[in-house]
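Student: Before I ask anything, here is the structure I am working with.
The values are calculated or read from the model by the stated rules, or taken from the named source; none is laboratory data. Please read these numbers as outputs of a predicted model, since none were measured by experiment. Every residue, glycine as well, gets a Cβ built from its backbone with ideal geometry; the counts of neighbours run over all protein chains shown.
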Amino acid sequence: MAWIETRLQRCVSRETVRQALKRLGFSWKKAKALLNRATTAAREAFVAQLQTLLQRTLGPESPRC
């Protein structure tokens, strides 16, 4: 959750992130070491997409850290 706090200046719990992902049609799963298989461009595109989704989902009303 530190990444979200750093990037979006919002304090959120794991459960908040899990619920937001579920509403967006994603699921919360244990991470696998697959990033080294993705290309740099694909990785950057995914991070940008995730950041946009989190900003849209959390909105301006979420608490700031």
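Student: Would you please list the contacts, defined by Cβ atoms under 9 Å and residues six or more apart or on different chains, that run from a residue in the stretch 39-61 that is without any contact (Cβ under 8 Å) to a residue 40 or more places away in the chain and charged (D, E, K, R) to a residue that is surrounded by fewer than 14 Cβ atoms within 10 Å (Cβ to Cβ) and part of a helix (DSSP H, G or I)?
Tutor: Filtered contacts from the stretch 39-61: Arg43/Leu35.
Student: What are the residues in the stretch 2-23 that are within 16 Å of Arg56 (Cβ to Cβ) and small (Gly, Ala, Ser), if any?
Tutor: Hit for the stretch 2-23 is Ala20, nothing else.
Student: Would you please name the residue that is modelled with the highest pLDDT, looking only at residues in the stretch 29-51 that are loosely packed, with under 10 Cβ neighbours inside 10 Å and not charged (D, E, K, R)?
Tutor: Ala41
Student: Identify all residues within the stretch 7-22 that are assigned to a helix (DSSP H, G or I) and surrounded by 10 or more Cβ atoms within 10 Å (Cβ to Cβ); write none if there are none.
Tutor: Arg7, Leu8, Thr16, Val17, Arg18, Gln19, Ala20, Leu21, Lys22
Student: Can you tell me which residues in the stretch 1-23 are free of Cβ contacts under 8 Å to residues at least 60 places away in the same chain and within 13 Å of Gln51 (Cα to Cα)?
Tutor: Just the residues of the stretch 1-23 that are free of Cβ contacts under 8 Å to residues at least 60 places away in the same chain, to begin with: 1-4, 6-23.
Those that are free of Cβ contacts under 8 Å to residues at least 60 places away in the same chain and within 13 Å of Gln51 (Cα to Cα): Met1, Trp3, Ile4, Thr6, Arg7, Leu8, Gln9, Arg10, Val17, Ala20, Leu21.
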